[in-house]
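I have placed the structure first, in the form of structure tokens, so that the comments after it can refer back to it.
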Amino acid sequence: MQPKTYLIDAIRSLNPTASASWLQSFDADFLRSYLDHMLNAMGPRGTSWVRPNDTPAMMAA
């Protein structure tokens, strides 16, 4: 697993509006998932991102 600082730097390179202090509040597993999602979204259409089983597809308040 990459260190949390590496994940935060990688995320901020793609999304500079995310502050390092805000990202620091998340655990490394969440940051890795978020980075994977952003990297996949940058790929060509037709590729798919597989939603982790521990997150619901839809949420309602």
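Quick notes on this one:
- Stretchable slack from residue 5 to residue 19, in nm (0.36 nm times residue separation minus alpha-carbon distance): 3.8 nm
- Phi to ³J(HN,Hα) by Karplus 6.51 cos²θ - 1.76 cosθ + 1.60 over the range 21-27, Hz, x for Gly, Pro: 5, 5, 5, 4, 6, 9, 7
All of the numbers you see were taken from the coordinates with simple rules; none came from a lab. A quick note: this is a predicted structure, and the numbers were derived from the prediction, not measured.
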